[in-house]
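All remarks here apply to the structure that follows.
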Amino acid sequence: AQSVSQHNHHVILSEAASLELGCNYSYGGTVNLFWYVQYPGQHLQLLLKYFSGDPLVKGIKGFEAEFIKSKFSFNLRKPSVQWSDTAEYFCAVTFFSGGYNKLIFGAGTRLAVHP
Amino acid sequence: GAGVSQTPSNKVTEKGKYVELRCDPISGHTALYWYRQSLGQGPEFLIYFQGTGAADDSGLPNDRFFAVRPEGSVSTLKIQRTERGDSAVYLCASSLTEAGPEQYFGPGTRLTVT
């Protein structure tokens, strides 16, 4: 069955540190890839998405992600985090199944940034 | 334009009661999805509608859960005989077609079963 794995459940960083959150999926076909963010007490927001083209995708708030097809990965990066980046981050992948694009989420990574 | 809306935003109910959660998708979107997000977890797929029909209900946990979309727009998720384990945030999303690929999420309904 298709699945999405996020390797880190909890990450703690100091402000200005660099961030990389891992995401891997298991599916050999065409995928669409997303990163969502959920700030404390708020609903899901789309950070960035990849459908095709340049595998390095830039999103909002200085985030970027790189799709590496050979590694089935879509890792999220930010060169310098801020306290306001404290949130939960979800990787999600669509798999074409049963006639539609089915969206599967990873379990999430909770990021805490200390000032 | 208006996004996906969900009502109520919060619902507290007693164990054993019946609840209905409503989703208004983006106008013109034919595909509608329901997800459940339990505390500390990612959203989990429940059911997918294409138009009025439930094309994939494989994520519904048991027969206490049911969803309808009678006119191909608004959808209602119905939970009978609620249990404490049903407490979660229920998310609705819509996409322009079944091919998506992007789904637009509503703010969710937080259901608490006491």
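The values are calculated or read from the model by the stated rules, or taken from the named source; none is laboratory data. Bear in mind the structure is a predicted one, so any value in this text is a computation, not a measurement. Note that we place each Cβ from the backbone using ideal geometry, even for glycine, and neighbour counts take in every protein chain shown. Heavy atoms of the whole protein, side chains included, go into the accessibility calculation; ligands, DNA and RNA do not. Shrake-Rupley method; radii C 1.70, N 1.55, O 1.52, S 1.80 Å.
How many Å² of accessible area per residue for the protein assembly as shown, probe 1.4 Å? Walk me through the intermediate numbers first.
Working: 10730 Å² over 229 residues.
Heavy-atom accessible area per residue stands at 47 Å².
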Can you give me the % of accessible surface on segment B:5-99 that is carbon or sulfur? Probe 1.4 Å, all protein chains present, nothing else counted. 47 percent
Rounded to a whole number, what % of the accessible area of segment A:3-114 do carbon and sulfur atoms account for, probe 1.4 Å? 54 percent
Where a ≥ b ≥ c are root eigenvalues of the Cα gyration tensor, a/c under 1.5 meaning rounded, otherwise prolate if a/b exceeds b/c and oblate otherwise, segment B:5-99 counts as prolate
Interface burial for B against A (accessible surface, 1.4 Å probe, total of both chains, Å², rounded to 100): 1600 Å²
First select every other residue whose beta carbon is under 13 angstrom from the beta carbon of B:Y33; then total the charges, Lys and Arg +1, Asp and Glu -1. -2
Distance from segment B:40-75 to segment A:74-106 (C-alpha centre basis), Å: 22 Å
Filter the cross-link list A:K71/A:K102; A:K102/B:K78; A:K49/B:K11; A:K49/A:K71; A:K69/A:K102 down to pairs whose alpha-carbon distance in this structure exceeds 28 Å. A:K49/B:K11
Report the trypsin sites (Lys or Arg not before Pro) located in segment B:1-37 that are in a DSSP loop and have at most 14 other Cβ atoms inside 10 Å of their Cβ, or state none. B:K15, B:K17
